[in-house]
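Data first, discussion second: the structure below is written as structure tokens.
Values quoted throughout were computed directly from the atomic coordinates according to the rules given, and no laboratory measurement underlies them. These figures come from a predicted structure and were not determined experimentally. For neighbour counting, all protein chains shown are included, and Cβ atoms are generated from backbone atoms with ideal geometry for every residue, glycine included.
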Amino acid sequence: MNPEQDGRCPWCGNQPDYIAYHDYVWGRPVADRLELFEKLCLDGQQAGLSWLTILRKQSGYREAFEQFQAERLAEYGEHDIQRLLSNPSIVRNRKKVEAIITNARALLEMESRGEEFPEFLWGFVDGRPRINHWYHIDEVPTETAESRAMSRELKRRGFRFVGPTICYAFMQAVGLVNDHLVNCPARAETVSISKEFEFNAS
């Protein structure tokens, strides 16, 4: 069977956990601050690795990084970094561990200036999911003008591991863009959700 004609987006392969992520998570709009922060950090952890590797460590990351509560992570110091680097449930890369802590501080600094994280992120698509119409996986971009702009602005605010490719993967995952292929069986439901969604700052 040709997956681009008859099945799911081919990137999810045939691993059950990857398929479940594709079917029930990927491409569905997310507006929650904590969920958006967690996903941005985890996409940064993916750099040089497969997303499946990080997906399978997601629960370990949540436990190790206190459910990604930025207020707690921002207080971490060298002792905490050393503890995390000995934790086999996460990717034990010092720069990546430090990036999550740095990103927590950057998030809080944004908020101290009156910038709301979800509103900031959804602003790159004017608050509405972009619904693309790709027939083949090789049509799907790895970065866009919007992801380059997001990367630039996140870096300017002090975030790390937020290059344009990472930002586009993040945008796909949290539904800022819907990149399910036209013939993907998950497309109809996610497009319906995307069309109904509009980000409204509270």
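At 222 nm, what helix-only mean residue ellipticity would the chain give, in deg cm²/dmol to the nearest 500, using -39500 (n - 2.57) for each DSSP H run of four or more?
-15000 deg cm²/dmol
So, counting K/R as plus one and D/E as minus one, what does the shell of residues with Cβ under 14 Å around Y18 add up to?
Residues near Y18 contribute +1 overall.
Please work out the Cα convex hull volume for the range 1-89 and give it in Å³ per residue.
In the range 1-89, the Cα hull volume divided by residue count equals 109 Å³.
List Y61, Y168 from most exposed to least, where exposure is judged by having the fewest other Cβ atoms within 10 Å.
Final ranking by Cβ density, sparse to dense: Y61, Y168.
I want to check the label-to-label distance for S86 and R56. Put each point 7 Å from Cα in the C-beta direction and report it in nm to one decimal.
The modelled label-to-label distance comes out at 2.5 nm.
Output the pairs from K95/K155; K57/K195; K39/K96 with a Cα-Cα distance over 23 Å in this structure; if there are none, say none.
The answer is K57/K195.
Please order R187, R28 by the number of other Cβ within 10 Å, starting at the fewest.
R28, R187
Just to confirm my numbers, what's the Cα centroid distance between the range 116-170 and the range 1-66 in Å?
Here the answer is 16 Å between Cα centres.
Name the residues whose placed amide hydrogens come within less than 5 Å of the amide hydrogen of R130, ignoring near sequence neighbours (fewer than 5 apart) on the same chain.
Under 5 Å from the amide H of R130 lie the amide H atoms of V177, N178, each far enough along the sequence or on another chain.
Explain nothing, just the number: dipole magnitude of the chain about its Cα centre with +1 on each Lys and Arg Cβ and -1 on each Asp and Glu Cβ, in debye rounded to the nearest 20.
600 debye
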